[in-house]
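Below is one structure, written out as C-alpha cells, with a few remarks after it.
The values are calculated or read from the model by the stated rules, or taken from the named source; none is laboratory data. Note that the structure is a prediction, hence the values are computed from the model and not measured. Don't worry about glycine lacking a Cβ; one is built from the backbone with ideal geometry, like all the others, and counts go over all protein chains shown. Surface areas here come from the heavy atoms of the whole protein model, side chains and all, with no ligands, DNA or RNA. Shrake-Rupley method; radii C 1.70, N 1.55, O 1.52, S 1.80 Å.
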Amino acid sequence: MTAGVREEPREAVRPRPPRRLPLPTLLALLVGSAGVGYRLALLFADVPPTNSDEATMGLAALHIARGDGFPVWFYGQAYMGTLEAYLAAPLVALAGPSVLVLRLPTLALYALFLLLSWRLTRRLGGDRWYALLVVAVLALGADRVVKNQLIAGGGYPELNPAGAALALLTVGLCVTGAGARLPRWAAWGLISGVLLWVDPLILPYVLALGALLVARRWRELAGRAGVVLAGALLLGAAPMLVDSIRHGRNPVAAVLAAGGTGSPADWADRLHGALVLGPPLAMGFCSPGRCATWQLWWAVAFPVLLVLAALTAWHTLRRAPGRPGSPERVSAGVRLALLGGAAGVLGAYAVSNAAGQTPIESSRYLSCLAVAVPALLWPLWQAARRPAVRVAGVAAVVVLAGVLGTGVAATVDVVRAAPAVHAEADRHRSLVDTLGALDVRNVRGGYWTCNRLTYATGENVLCAVVEDDLTPGFDRLPAYRREVAADPDAAWVAQAGSPLAARLDERVGAESGALDVVTVAGWRIYLPRR
C-alpha cells in the first residue's frame, strides 16, 4: 500500500508580500524628514540667531525646572503664555540651560505640524501627490520661517500645529457618522483654550472653524457636546483666566497695546508692510532680513489665489451633491474656513501699527498663514492635474514651480548666512567664558545683551538693562536690577563698536573711579577700578 502526502494549495502557503507605502507617501516621509533634519542642522549651527526675548523664555524654563516659580505670562508683560517654557523645563533640568535644549521642543512642534498638514490635506480630499506638494512647500525654511518655527520666544512655534489640529478635528466632527464625538469636542475646546492663553494671533482660525461647527452641529452643541466643549475651553484657558482674576489684568488690552507703539503708522506704510512685504516674508520667499524685488511676486499671487481658492470652495459647497455632512461638502467648508482665517490674520495685521513701523520683524505675526496652505494651493493643483483650459494648466504649473523655486532660493540664502551666525554665537560663548574667568557675577548691559547673558550662565551672572546713555532700561525681571545695584563691583558689558561701548569708553582711564576694559571677541567688558 502506498501512502500519499496531501499537498497544500499554493495560496495557503504563499507568504504575503510586505506592505509597502505608496510612492508619494514614501516621498512625503522623506521630504518631511529632510525638512526636520535641515532644521536640526541649523540648531547645531546656532541658526537662527538667538536673542534676549528667547532667553527670557529660557529663564522661565529654568525657574520652572528649579521649582523657583511657575510663570503664566512672558516676563514683563500680561500676555503671551509660557507654554514653551513648560515644554522645555524638563530638558533644562536634565541638560542645563542652552539654546539647543530650549529649541528641541519647538523642532518637535514643527515635525508635528508637517504630519498634521499631510493628514489634513488628505482629509480635505487631496490625493497623495498633492499632500507631497504641501509637505514640500512646508519643508522649505527661509529666514523668517525658521525663526517663527524654531525660536522659543513665545507663541509662534505652537500656533501652526495647533491650527492644523483644530482643522482636522473640525473635519472629523462635521463628517456624518464620525462615531463618538465627545472626546473630539473636548480636544477642540482644550486646544482653543490653550491658544487663547498662549497667543491670540490664531483667533481668526478658531472663529472661522468654530462658525463652521456651529453651522453644521448646532444641535449637538445645544446638548452635552456644548457643555464638554465649554468646559475644555475653560480648562485650556485656565492659566489666563485665573491670573486675570487674581491680579485684575486684562490680557486683551495688553495684546491690543502690543500691536505697535508710539505714533500711529501711516496707512500707506501699514498696507505696504502687510500686503507687499508680509505674505512673501511669512510664506518663506525672502532672504535673511530683507525681500529682494523679484521675491515679492507672491504679494500679487497671494491675494489672487486666496480669492480664487475661496470661490472654488464656495462653489463646491453650494453645488456638491449629497447631504450637508457629506465628505465633499465638509472638505469645501473646512477649506473655506481656513481661507477665511488666513484673511482674518492678514486683515488684523494690516490695521496694526506694527505692519507700518517694523514690517520686516513684525511679519512674524503672519506665521500662521501656513496653516491655510492645503486650502490655498488647491485650485492650482486642480488646474495643473485636470486643466479645463490648457493655458490655465500651464499657468498653474508655473506658479507652483515659482513657489518651490523661490522657497528653495530663500532657503539656500539661510544656509549661506549660517557661518556668520555661528561665529557670532561663538563670540558670545567667549564672552561667557571670560566673565567666568574674571569672577564677574553682576553686570549692566543693553536690553539685547542682558537676559541672553543671564540665561547662558544659568543665572551665575545677573544683568541689569541700561540705555545707551547709561540710564536704567527695561528689566523684564526687576529682581536682577536690585541684585546688580547692591554690588559695588558690578561690571558693564557692551558690543564693540556699539553706542553703549562708545559712551563707556569715555569713562576708561587710570584715575580713581574710572573703568578698566577687557576686550574679548567683539565684546568689551568694563570693570570698575578698585
All positions within the stretch 196-222 that are farther than 21 Å from Leu241 by Cβ, open to solvent by less than 40 Å² (accessible area, probe 1.4 Å), of a type in the set (A, V, I, L, M) and touching a residue at least 60 places away in the same chain (Cβ under 8 Å): Ala208, Leu209, Leu212
message: Tell me the residue from Ala93, Ala12 that is outside any loop (DSSP other than H, G, I, E, B), over 30 Å from Ala131 (Cβ atoms) and either modelled with pLDDT under 95 or touching a His at 6+ places or on another chain (Cβ under 6 Å) (or both), please.
response: Ala12
- request: Go through the stretch 453-473 and count every residue that is surrounded by 15 or more Cβ atoms within 10 Å (Cβ to Cβ) and over 23 Å from Ala65 (Cβ atoms).
  value: 5
field: Members of the stretch 291-302 that are open to solvent by 60 Å² or more (accessible area, probe 1.4 Å) and of a type outside the set (Ser, Thr, Tyr)
entry: Trp294, Trp297, Val300
- prompt: Got at least one residue in the stretch 414-436 being part of a helix (DSSP H, G or I), more than 26 Å from the chain's Cα centre (by Cα) and crowded, with 20+ Cβ neighbours inside 10 Å?
  reply: yes
query: In the stretch 79-98, which residues are aliphatic (A, V, I, L, M), within 15 Å of Ala65 (Cα to Cα) and touching a Gly at 6+ places or on another chain (Cβ under 9 Å)?
result: Leu83, Ala85, Ala88, Val92
- prompt: Name the pairs: first residue in the stretch 48-75 and without any contact (Cβ under 8 Å) to a residue 60 or more places away in the chain, second residue open to solvent by 30 Å² or more (accessible area, probe 1.4 Å) and outside any helix (DSSP H, G or I), Cβ to Cβ under 7 Å, at least 6 apart or on different chains?
  reply: Ala60/Tyr75; Ile64/Phe70
- request: Return the residue satisfying two criteria in turn: it lies in the stretch 139-195 and is open to solvent by 10 Å² or more (accessible area, probe 1.4 Å) and among the hydroxyl-bearing types (Ser, Thr, Tyr), and of such residues it is nearest to Gly223 (Cα to Cα).
  value: Thr176
message: Which of the numbered conditions does Arg476 fail, given that it passes all the others? Conditions: (1) farther than 27 Å from Gly76 by Cα; (2) among the basic types (Lys, Arg); (3) surrounded by 15 or more Cβ atoms within 10 Å (Cβ to Cβ).
response: (1)
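Given the structure, is Trp492 open to solvent by 10 Å² or more (accessible area, probe 1.4 Å), outside any strand (DSSP E or B) and either within 22 Å of Glu54 (Cβ to Cβ) or not small (Gly, Ala, Ser) (or both)?
Considered against the rule, which asks whether it is open to solvent by 10 Å² or more (accessible area, probe 1.4 Å), outside any strand (DSSP E or B) and either within 22 Å of Glu54 (Cβ to Cβ) or not small (Gly, Ala, Ser) (or both), Trp492 comes out as no.
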- prompt: Exactly one of (1) in a helix (DSSP H, G or I); (2) under 22 Å from Asp243 (Cα atoms) is unmet by Leu168. Its number?
  reply: (2)
query: Among the residues of the stretch 73-84, is any open to solvent by 10 Å² or more (accessible area, probe 1.4 Å), hydroxyl-bearing (Ser, Thr, Tyr) and farther than 16 Å from Ala456 by Cβ?
result: yes
message: Can you pull out every residue in the stretch 33-71 that is more than 17 Å from Val101 (Cβ to Cβ), part of a loop (DSSP other than H, G, I, E, B) and open to solvent by less than 40 Å² (accessible area, probe 1.4 Å)?
response: Gly69, Pro71
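Results for (1) in contact with a Gly (Cβ under 7 Å, 6 or more places away or on another chain); (2) under 26 Å from Pro49 (Cβ atoms), shown as yes or no for each residue.
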{"site": "Arg452", "(1), (2)": "no, yes"}
{"site": "Asp468", "(1), (2)": "no, yes"}
{"site": "Arg482", "(1), (2)": "no, no"}
{"site": "Leu500", "(1), (2)": "yes, yes"}
{"site": "Arg529", "(1), (2)": "yes, no"}
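Listed here are the residues, each with its yes/no results for (1) among the polar types (S, T, N, Q); (2) surrounded by fewer than 14 Cβ atoms within 10 Å (Cβ to Cβ); (3) at pLDDT 90 or above; (4) touching a helix residue (DSSP H, G or I) at 6+ places or on another chain (Cβ under 9 Å).
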residue: Ala502; (1), (2), (3), (4): no, yes, yes, no
residue: Glu506; (1), (2), (3), (4): no, yes, yes, no
residue: Ser512; (1), (2), (3), (4): yes, yes, no, no
residue: Leu515; (1), (2), (3), (4): no, no, yes, yes
residue: Trp523; (1), (2), (3), (4): no, no, yes, yes
residue: Arg530; (1), (2), (3), (4): no, yes, no, no
- request: Show the residue pairs that are 6+ apart or on different chains and have beta-carbon atoms under 8 Å apart, the first residue being within the stretch 426-438 and within 12 Å of Leu453 (Cα to Cα), the second being open to solvent by 90 Å² or more (accessible area, probe 1.4 Å).
  value: Gly436/Asn460
